[in-house]
Amino acid sequence: MPDAKHQTQIRLDRDLLEATARTAGAVAMQYFGKDPQVWMKEGDSPVTEADLAVNTHLLDVLTSARPDYGWLSEESEDNEGRLATDRLFVVDPIDGTRGFMNGSEDWTISVAVVERQSGASAETAGQSQWRPTSAALYNPCRDEMYIAEQGSGAFLNGKKMTASNESGLAGSQISVSKPIYRALDLETLGAAKTRYIPSLAYRLALVASGAISATIARPNAHDWDLAAADLLVHEAGGLLWGETGGPISYNSQIPRHGVLFASGELLGKPLLDLVRNWR
């Protein structure tokens, strides 16, 4: 656990993230439902002028407040100088851009501080040495503010969250895409698929709140999709695991991950067995 001085810094970071996520939400809402300009990135992924405006706002506010922190964002050119820092901001200006474009309310602004863990060095960065310590995830359409800090729980609009205590897949509510639902034969196992939620970060936050039982993500999610929501899930007593059966690490040279799932603690083993056999 962090010492008192470190815990104070973590809390200050959390407060900064919460305040900045809220003002970033106001920026995003200036474009929501107003047919913003769209460009296509590599991999046929859209980016809107709203994504870029929110990214600029977050970059200006957060790096001005913490100029010694590194920066990793979906909408910024990557700078490997982040690998030599002890703390960095990991940001997705709008997670669920396609949903944002289509008028869905299921999108979020995701901001986290990720830290090099005690005993790690610059030479071992990216080798299970980095974890989120402060996080804010904001859904402006619903005015839902999810926050967490390491060792102090996770909260939705001030109310402490607890992940589901379900222990079996039968009767569970799982948010996945249709191909995953079919491939894993979840219906036969008795699990129900939730409505489609375009933001992975929001799906993870719903796991943290206990609103849904679990979610499973296909390979290629990036740090910015996961970091804030990862802390929410773990501080709510849940799990966000890869196929290794443990928490994932951040701030590697290529910040991308394999298949992942999140759930309450008791559902972890059945889901781990399921995804390990999914090939």
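The values are calculated or read from the model by the stated rules, or taken from the named source; none is laboratory data. Since the structure is predicted, the reported quantities are computational estimates derived from the model, not experimental observations. Glycine gets a Cβ as well: all are built from the backbone with ideal geometry, and neighbour counts include every protein chain shown. To get the accessible areas, we keep the full protein, side chains included, count just its heavy atoms, and leave off ligands, DNA and RNA. Shrake-Rupley method; radii C 1.70, N 1.55, O 1.52, S 1.80 Å.
Observations on the structure shown:
- When Rg and Dmax of the Cα atoms in Å is calculated for this entry, the matching label among (1) 20.0, 78; (2) 17.7, 52; (3) 19.8, 64 is (2).
- A 1.4 Å probe, protein heavy atoms only, puts the accessible area of ARG82 near 0 Å².
- The chain: antiparallel DSSP beta bridges as a percent of all, rounded to 5: 85
- Whole-number accessible area per residue in Å² for segment 176-226, which is evaluated in the context of all protein chains at 1.4 Å: 40
- Across the accessible surface of the chain, with the other protein chains kept in place and a 1.4 Å probe, carbon and sulfur atoms take up 48 percent.
- Over all directions, the projected convex hull of the C-alpha atoms in segment 171-216 averages 2.8 nm² in area.
- Considering every alpha-carbon pair of segment 78-117, the percent of pairs per 5 Å bin, from zero through the bin containing the longest distance, is 6, 21, 20, 16, 12, 12, 9, 4.
- Heavy atoms of the protein chains alone define the surface here; on that basis segment 15-78 has 52 Å² accessible area per residue at 1.4 Å probe size.
- Rounded Å value of the spacing that divides the Cα centres of segment 1-44 and segment 63-92: 13
- Student exercise, the chain dipole from Lys, Arg, Asp, Glu Cβ charges, in Debye to nearest 20: 720
- Highest mean packing first, where packing is the average number of other Cβ atoms within 10 Å per residue, the peptides 94-101, 200-207, 253-260 line up as 200-207, 94-101, 253-260.
- Which of SER76, LEU88, PHE100, positive extreme of dipole for segment 9-163 (C-beta unit charges): LEU88
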